[in-house]
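The values are calculated or read from the model by the stated rules, or taken from the named source; none is laboratory data. All values reported here derive from a predicted model rather than from experimental measurement. Heads up, the Cβs are rebuilt from the backbone with ideal geometry, glycines too, and the neighbour counts pull from every protein chain shown. The area values use the complete protein model at the heavy-atom level, side chains included, leaving out ligands, DNA and RNA. Shrake-Rupley method; radii C 1.70, N 1.55, O 1.52, S 1.80 Å.
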Amino acid sequence: WGYYQRFPFCERLLAEWRQRRGVDPRVRQGLELLASFQAAYPEGYEKAAKGDWPEVERSLTKIRQSLGLAGESAAIHDEDARRVRGFTDFLLAEAYGYGRGDPEGALKRYTAAHDLFRADGDLWVAAWLWFYVAQFQLEAEDFAGAADYARRSLGEAGSAAGGEDAPLAERDSELLANAFRLLGDVALACGEIPDAARHFNRAAFYAYAFQAIPEPADTYTMAFYCEITGRIARSAARLAADDRAGSH
């Protein structure tokens, strides 16, 4: 799926398989569930007021059941099956958080996804999952929780999974830009202006680097740069407006 934008190749691939004749009925059921998920899942980073979350949850739950992935994750040993289980845990966490409005249910599923990927040695995905928890906490105005999970994300990335301890060319600039932008938002909400400025500077730096390191800019990296800098600019504009209002 495309978190910030649709990926046409994936959509064409699914459409092609849905049109094929002679597909096993069980496989066809899975294709239809995937298509339902794809249509229901919201495009872009603002999840709360978008998407058909009940359908996201329904289609993912049925996919997991049809693949035998609904039980305890410890009983799942196939590598691909564990990855599917982990990613569906993550997406169901979003459905619980943004669809049901159930933060405890969401955190349980975010954590299950994180722990599965970490146990399998995929620290990069694990670090990303802690960022998504941090973003969810920020949107719920749990600023302490958001900062905690953002720092966990940065710490888990470290030198092994694209963190700041790695050489610049090996860092995941997208993850770092997101984490520092979030820490800037938290600092700003708490009135810690110097810290906010420092974090926002790091976020803008990494958003810029994401367009050039290690690959040239493309539509995704440019859209991401506009998102990060746009968020920072809107925060700065609100702060300036508040300052002007207070001076009167």
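At 1.4 Å probe size, put Glu164, Glu104 in order of accessible surface, largest to smallest. Intermediate results must be reported in sequence, preceding the final value.
Working: Glu164 65, Glu104 155 Å².
The residues order as Glu104, Glu164, largest area first.
Can you pull the percent of the range 1-145's accessible area that's carbon plus sulfur, 1.4 Å probe, other chains left in place? Display every interim value, and only then the final one.
Values: 4170 of 7840 Å².
Carbon and sulfur atoms account for 53 percent of the accessible area of the range 1-145.
Using a Förster distance of 51 Å, how high is the FRET efficiency between Asp78 and Asp242, based on the Cβ-Cβ distance and rounded to 0.05? Don't skip to the end; give the middle numbers.
Numbers: r = 54 Å, r/R0 = 1.05.
For R0 = 51 Å, the calculated efficiency reads 0.45.
From the helices alone, meaning DSSP H stretches of at least four residues, give me the mean residue ellipticity at 222 nm for the chain, per-run term -39500 (n - 2.57), in deg cm²/dmol to the nearest 500.
Values: 10 runs with 170 residues, N = 248.
Using -39500 (n - 2.57) per qualifying helix, the result is -23000 deg cm²/dmol.
Before anything else, pin down the relative contact order of the chain: Cα pairs under 8 Å, at least 6 apart, normalised by residue count, whole percent. All intermediate terms of the calculation are to be shown ahead of the outcome.
Details: 288 pairs, mean separation 25.0, N = 248.
Reported as a whole number, the value is 10 percent.
So how tilted is helix 193-209 from the main axis of the chain? Cα-based, degrees 0 to 90, rounded to 10.
50 degrees
In nm, to one decimal, how far is the modelled label at Ala166 from the one at Tyr220, with both set 7 Å along Cα→Cβ?
Placing both labels 7 Å beyond Cα along the Cβ direction yields 1.5 nm.
Helix 103-119 versus the longest principal axis of the chain: what is the Cα-based angle in degrees, 0 to 90, to the nearest 10?
Approximately 80 degrees, to the nearest 10.
Give me the accessible area per residue for the range 125-248, probe 1.4 Å, as a whole number in Å².
Values: 5850 Å² over 124 residues.
With all protein chains present, the range 125-248 gives 47 Å² per residue.
Using alpha carbons only, how many angstrom separate the centre of the range 163-206 from the centre of the range 207-221?
So the separation of the two Cα centres works out to 17 Å.
For Cα Rg over 2.2 N^0.38 Å, the listed values are (1) 2.25; (2) 1.84; (3) 1.09; which was obtained by calculation from the structure presented?
Given (1) 2.25; (2) 1.84; (3) 1.09, the structure-derived one carries the label (3).
Could you state the angle between the C-alpha long axis of helix 79-94 and the longest principal axis of the C-alpha atoms of the chain, as a value from 0 to 90 degrees rounded to the nearest 10?
Helix 79-94 and the main axis of the chain meet at about 60 degrees.
Can you give the relative contact order of the range 12-136 as a percent, counting alpha carbon pairs under 8 Å and 6+ residues apart?
Details: 114 pairs, mean separation 21.3, N = 125.
For the range 12-136, the relative contact order is 17 percent.
Relative contact order for the range 116-206 using alpha-carbon pairs under 8 Å, separation at least 6, rounded to a whole percent?
Values: 130 pairs, mean separation 21.4, N = 91.
24 percent.
Leaving out same-chain residues fewer than 8 places away, which lysines sit with a Cα under 21 Å from that of Lys108?
Within reach: Lys47, Lys62.
Accessible area of Lys50, 1.4 Å probe, to the nearest 10 Å²?
The accessible area comes out at roughly 80 Å².
Tell me which of Leu175, Phe224, Leu123 sits at the most positive position along the dipole axis of the range 115-248, charges placed on C-beta atoms (Lys, Arg +1; Asp, Glu -1).
Phe224
What does the extension gain come out to for Ala15 and Arg234, with contour length at 0.36 nm per residue minus their alpha carbon separation? Walk me through the intermediate numbers first.
Working: separation 219, 0.36 × 219 = 78.84 nm, distance 3.86 nm.
Extra length available between Ala15 and Arg234 comes to 75.0 nm.
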